[in-house]
Protein chains: 2
Amino acid sequence: MRIAVVGAGALGLYYGALLQKSGNEVNFLLRSDYEAVSSGGITVYSINGDFHLAEVKGFRTPTEIGPVDLVLVGLKTFANEYFNALISPLVGPDTLILTLQNGLGNEEKLADIFGKDKIFGGVAFLCSYRVKPGVIKHLGEGRVLLGKFAQNNSTRTEKIASCFCRAGIKCLVVSDLKRARWEKLVWNIPFNGLCALMEKPVDAFLKFEPTRRLIHEIMLEVITVANTQSLVEEIPFSLAEKLVTSSSKMGQYKPSMMIDRIQGRPMEIEAIFGIPLQFAEEKRIQMPRVRQIYALLRLIEENTD
Amino acid sequence: MRIAVVGAGALGLYYGALLQKSGNEVNFLLRSDYEAVSSGGITVYSINGDFHLAEVKGFRTPTEIGPVDLVLVGLKTFANEYFNALISPLVGPDTLILTLQNGLGNEEKLADIFGKDKIFGGVAFLCSYRVKPGVIKHLGEGRVLLGKFAQNNSTRTEKIASCFCRAGIKCLVVSDLKRARWEKLVWNIPFNGLCALMEKPVDAFLKFEPTRRLIHEIMLEVITVANTQSLVEEIPFSLAEKLVTSSSKMGQYKPSMMIDRIQGRPMEIEAIFGIPLQFAEEKRIQMPRVRQIYALLRLIEENTD
């Protein structure tokens, strides 16, 4: 497949590199990392084995790339206002657009611009970070839950899935993309939120009983709202306990929002907090703990503007 | 009156200085500030007029002071475990003990040791901080709501109150000390908590609508629990709006818990959060926002131990 990767952070570079390694033509749309990646290629230090791609197609504008079979969107969600400018030149009549971004509202925004039939969503469970331009550290996980945004074209979902599988990316097609998104939020809201707020890694909260209990309570708030969103199948409340237990293995993992804060970048507050809170409000459900974290994270951004 | 001030921080030194200035014999029990206060006296920079006391009776041990008419307790609440050692030598048959400390549980602990008839509580509304040993900056307020802990001896409350009034300290005798304590918590819990957590002063939260709303919501949580505590008269929910509005005038005020955190001292987490949360739990009332702040403040202390 001819693929374009838009937003080449840790996630975009990692999946893009695996897709290129397995024989696809991958075009990376780059900004600040253009020089480093074009000249030095991509290096992935991974628990599944390190590898280096010396030849990488890097571009500064989407027009140089032109229409592709698949657009992989890995932009930070606060850059979603640039969807039109960055993606339009990549889209032809048969182009598929897959967003692997965090949180809620991304498929909707893409569908508004490009039509819902073209849009696919992938919920990426990936522990990785960008060491420096072109260099990615992959710490764990990596699977993608893939779903279509509209109620049709399941053969095209399969096409993307098999392309990912050939690249060694665990990829599961899900019938309810919305559920998969909310399920990821059950983890993302407490951990991205609190780790960013307190500038402490995952294990700091799990080793201390009062904050471990808090994480669990926040997860219950998220599951409660998720189950009002007409999911095909409800999310069981037992997921909270399961995630608290499994996260203990992550050690000093720093979620992306924490890294964003430390490095002085904007945080993905709206996609991970603001939009889920809107869905809760529409159903008149309070999320007191989540809303408190949201207000405090926004205060941080307000003061760094 | 012969008075002993135990815990000579901003609060103890400020009230102690005013009481000495108006003719009482005030004995200050000092620790780290002993040298500075004994040799340099006390300087108060106050919105009501600056003053300096050159001669101050400072002591290193309570035994050197011996029994007094009134013990003024201004200790940080995390030092309450030293009540017995620090106060016993100051107590004779007719000694009155007045705690001006923050939060809940102080009168109870004193009553356990010295008998409830001796114990009085004062809720101090004082904006002040210690500039350096022996030097206090008084920014605003200063009034004390005074009440007895047990249901008797109102003449003795009057005795303390008139001593304070003669010293120019606004002092109002209240029939329901518990209510006064909870009323102060309506302010202390959100502002001490959030300012300490975020290391930002009062106005940062009030100038930004989402956190202004959060402050208001936290206040409602506190009032809800307060009104389950058999107060003589309920606290109206409108107090929250009133306090949010009046606090806007405080500007960049740093509550004591924030200063404690910045200066690396323990915070008064149990008196201001832990014990009120216990009272809420006994009445099976959730305080999700307050409990979240409590857990996060404790995490901070946990990691600085």
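Just a few scattered comments:
- Residue in region B:164-173 that is more than 14 Å from chain A (Cβ to nearest Cβ), more than 17 Å from the chain's Cα centre (by Cα) and closer than 29 Å to B:R291 by Cα present: no
- Near pairs, Cβ below 6 angstrom, 6+ apart or cross-chain, from region B:47-74 (not assigned by TED's automatic domain parsing to the domain that holds B:N102) to any residue that is among the polar types (S, T, N, Q) and at pLDDT 95 or above: none
- Scan of region B:10-46 for residues that are open to solvent by less than 40 Å² (accessible area, probe 1.4 Å), in contact with a Lys or Arg (Cβ under 6 Å, 6 or more places away or on another chain) and over 22 Å from B:T157 (Cα atoms), ordered by number: B:A10
- Complete set of residues in region A:278-290 that are assigned to a helix (DSSP H, G or I), more than 10 Å from every other protein chain (Cβ to nearest Cβ) and charged (D, E, K, R): A:E281, A:E282
- Region A:191-206: number of residues that are within 11 Å of chain B (Cβ to nearest Cβ), outside any loop (DSSP other than H, G, I, E, B) and either under 22 Å from the mean Cα position of the chain (by Cα) or small (G, A, S) (or both): 5
- Failed criterion for B:S175 (all others in (1) in contact with a Leu (Cβ under 8 Å, 6 or more places away or on another chain); (2) over 30 Å from A:L197 (Cβ atoms) hold): (1)
- Selection from region A:94-132 of residues that are under 17 Å from A:K178 (Cβ atoms), assigned to a helix (DSSP H, G or I) and either touching a helix residue (DSSP H, G or I) at 6+ places or on another chain (Cβ under 7 Å) or not assigned by TED's automatic domain parsing to the domain that holds A:G41 (or both): A:N106, A:K109, A:L110
- When residues in region B:148-174 are screened for being part of a loop (DSSP other than H, G, I, E, B) and out of contact with any Gly (no Cβ under 7 Å at 6 or more places or on another chain), 6 of them pass.
- Of the candidates B:I293, B:I275, B:I259, B:I300, the single residue that is outside any loop (DSSP other than H, G, I, E, B), surrounded by 20 or more Cβ atoms within 10 Å (Cβ to Cβ) and either away from chain A (no Cβ under 14 Å) or of a type outside the set (G, A, S) (or both) is B:I293.
- Lone qualifier among A:K170, A:K159 - being touching a residue at least 60 places away in the same chain (Cβ under 8 Å) and surrounded by fewer than 18 Cβ atoms within 10 Å (Cβ to Cβ): A:K159
- Taken over region B:177-199, the criterion of being more than 30 Å from B:T157 (Cα to Cα), touching a residue at least 24 places away in the same chain (Cβ under 8 Å) and open to solvent by 20 Å² or more (accessible area, probe 1.4 Å) is satisfied by B:E199 alone.
- Region A:82-93 - residue that is open to solvent by 10 Å² or more (accessible area, probe 1.4 Å) and in contact with a helix residue (DSSP H, G or I) (Cβ under 9 Å, 6 or more places away or on another chain) and, of those, nearest to A:G274 (Cα to Cα): A:N84
- Exactly one residue out of A:L239, A:L243, A:L231 is in a loop (DSSP other than H, G, I, E, B) and either more than 11 Å from chain B (Cβ to nearest Cβ) or without any contact (Cβ under 8 Å) to a residue 12 or more places away in the chain (or both), and it is A:L231.
- Members of region A:207-223 found to be open to solvent by less than 10 Å² (accessible area, probe 1.4 Å) and either of a type in the set (A, V, I, L, M) or more than 8 Å from chain B (Cβ to nearest Cβ) (or both), listed by number: A:L214, A:I215, A:I218, A:M219, A:V222, A:I223
The values are calculated or read from the model by the stated rules, or taken from the named source; none is laboratory data. No experiment lies behind these values; they were computed from the predicted model shown. Here the Cβ is made from the backbone with ideal geometry for all residues, glycine too, and neighbour counts use every protein chain on show. Ligands, DNA and RNA are excluded from the accessible area calculation, which covers all protein heavy atoms including side chains. Shrake-Rupley method; radii C 1.70, N 1.55, O 1.52, S 1.80 Å.
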